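Asker: Below is the structure I would like to discuss, written out as structure tokens.
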Amino acid sequence: MRYAEFTPFDLVLLAQGLGVTVGLFLATTLIGLFLGALWGVIRFYRTPVLTQFITFVAEILKNSPVLVQLFLVFFGFPAFFKLNMTPVNAAVITLSLNTAAFVYVIAVSSIESIGRDQVEAARVFGLTRWQVLRHVIAPQALAFSIGPLTALLVNQLQVTSLISVIGVMDLAKIGANLNLRTLQPFIVWTVVGVLYYLAAKLVATLGARLEKRLRAHSAFRGL
């Protein structure tokens with residue numbers, strides 16, 4: 001049968017799906033990194049009320065299934081609050097917040113690994129709280145966090161496959177459609193798996209290179 005074969009054109013379709021996956025991954029990563037780092041700073045300065053609220057939200061996001069969060073954002077909240085929610089918007093919101101929760105944990109651990117004596121010494125020399133954060137805390141915390149962040153982002157790239165269940169035409173969704181059309185699951189899912197692997201390998205390689213450069217820099221010698 002003509003439509004029961006896996007053709008080179010199907011590789012183009014999968015490449016388009018990979019583009020959607022990577023695009024959403026990059027967008028949610030940037031948002032998640034920003035929110036998670038911001039939450040970490042708020043926790044470091046022990047801002048009243050906000051610290052407790054952020055910790056509570058992060059605990060919920062970290063300890064509940066991403067699929068459940070996705071269903072709540074796409075099906076639950078729109079029905080309860082009478083909102084219009086597209087699959088892409090639901091995916092961006094869910095993955096961004098989930099990433100932020102884990103980035104928050106990494107940020108807190110990295111900041112707390114820096115000795116308080118360094119912060120106190122910087123304050124003695126007249127640095128403001130912002131200058132301490134920028135020149136003392138942030139560079140060292142970044143060097144400590146690159147490894148865990150890389151592992152997190154590799155995992156989050158794989159988690160993006162869950163958005164296919166709400167209709168986002170990502171790599172996993174196109175793979176599922178091709179599997180139904182061609183009835184050749186071994187070929188289809190092998191190609192899908194290889195594409196996910198290559199994307200994850202690229203993220204891991206970039207993270208390892210960045211960590212190596214940071215640790216080789218004179219500012220991080222001895223860390």
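Asker: Of all accessible surface on the chain at a 1.4 Å probe, what whole percent is carbon and sulfur?
Answerer: About 70 percent, which is the carbon plus sulfur part of the accessible surface.
Asker: I would also like to ask the following. What accessible area, in Å² to the nearest ten, does a 1.4 Å probe give for E59?
Answerer: 90 Å²
Asker: While we're on this one: How high is the relative contact order of the chain, given as a whole-number percent (alpha carbon pairs under 8 Å, six or more residues apart)?
Answerer: 31 percent
Asker: With r defined as the distance between the Cβ atoms of S109 and R213 and R0 fixed at 35 Å, what FRET efficiency is calculated, to the nearest 0.05?
Answerer: Approximately 0.95, to the nearest 0.05.
Asker: For E5 and L202 in one chain, what is 0.36 nm times their gap in residues minus the Cα-Cα distance, to one decimal in nm? Could the numbers behind the result be given before it?
Answerer: Values: separation 197, 0.36 × 197 = 70.92 nm, distance 3.02 nm.
Net length gain for the segment: 67.9 nm.
Asker: May I pose another question? Checking the cross-link filter: which aspartates and glutamates have an alpha carbon closer than 20 Å to that of K173, excluding same-chain neighbours under 8 positions apart?
Answerer: E5, D10
Asker: Using the Cα gyration tensor of segment 1-45, with a ≥ b ≥ c the square roots of its eigenvalues, what is the shape: rounded (a/c below 1.5), prolate (a/b larger than b/c) or oblate (neither)?
Answerer: Cα axes put segment 1-45 in the prolate bin.
Asker: Right, another one. Place +1 on the Cβ of every Lys and Arg and -1 on the Cβ of every Asp and Glu in the chain, take the dipole about the Cα centre, and give the residue among A58, Q16, S161 whose Cα lies farthest towards its positive end.
Answerer: Ranked along the dipole, the leading option is A58.
Asker: Further question: With the Cα gyration tensor of the chain giving a ≥ b ≥ c as the square roots of its eigenvalues, does the rule (a/c under 1.5 for rounded; else a/b larger than b/c for prolate; else oblate) give rounded, prolate or oblate?
Answerer: On the way: a/c = 3.67, a/b = 1.74, b/c = 2.10.
In terms of gyration-tensor shape, oblate.
Asker: Then there's this: So, with +1 on the Cβ of K and R and -1 on the Cβ of D and E, and no other charges, what is the size of the charge dipole of segment 93-178 about its Cα centre, to the nearest 20 debye?
Answerer: Working: 5 positive and 4 negative charges, 33 e Å.
It works out to roughly 160 debye.
Asker: Something else about it: Using only protein heavy atoms and a 1.4 Å probe, report how much of T205 is accessible, in Å² to the nearest 10.
Answerer: Its accessible surface works out to 50 Å², give or take rounding.
Asker: So with the 1.4 Å probe, I'd like the accessible area per residue for the chain, rounded to whole Å².
Answerer: For the chain, the solvent-accessible area averages 58 Å² per residue.
Asker: Same structure again: Determine the calculated [θ] at 222 nm for the chain from helices alone, applying -39500 (n - 2.57) to every DSSP H run no shorter than 4 residues and normalising by the residue count; nearest 500 deg cm²/dmol.
Answerer: Mean residue ellipticity at 222 nm (helix-derived): -25000 deg cm²/dmol.
Asker: How many nm is it between the label spots at E120 and L83, if each spot is 7 Å from the Cα in line with the beta carbon?
Answerer: 4.5 nm
Asker: Working from Cα positions, state the angle (0 to 90°, nearest 10) between the long axis of helix 8-44 and the longest principal axis of the chain.
Answerer: Between the helix axis and the principal axis of the chain, the angle is about 20 degrees.
Asker: Let me ask something else about it. Run the dipole for the chain about the Cα centre, Lys and Arg Cβ at +1, Asp and Glu Cβ at -1, nothing else charged, and hand back the magnitude in debye, nearest 20.
Answerer: Approximately 460 debye in magnitude.
Asker: Per-residue HN-Hα couplings for segment 128-142, Karplus 6.51 cos²θ - 1.76 cosθ + 1.60 at θ = phi - 60°, whole Hz, x for Gly and Pro?
Answerer: 6, 4, 5, 5, 4, 5, 6, 9, 10, 7, 4, x, 5, 4, 5
The values are calculated or read from the model by the stated rules, or taken from the named source; none is laboratory data. Since the model is a prediction, treat every value here as computed from it, not as a measurement. Counting neighbours? That spans all protein chains shown, and the Cβs are built from the backbone with ideal geometry, glycine included. Surface accessibility is based on the protein's heavy atoms, side chains included, excluding ligands, DNA and RNA. Shrake-Rupley method; radii C 1.70, N 1.55, O 1.52, S 1.80 Å.
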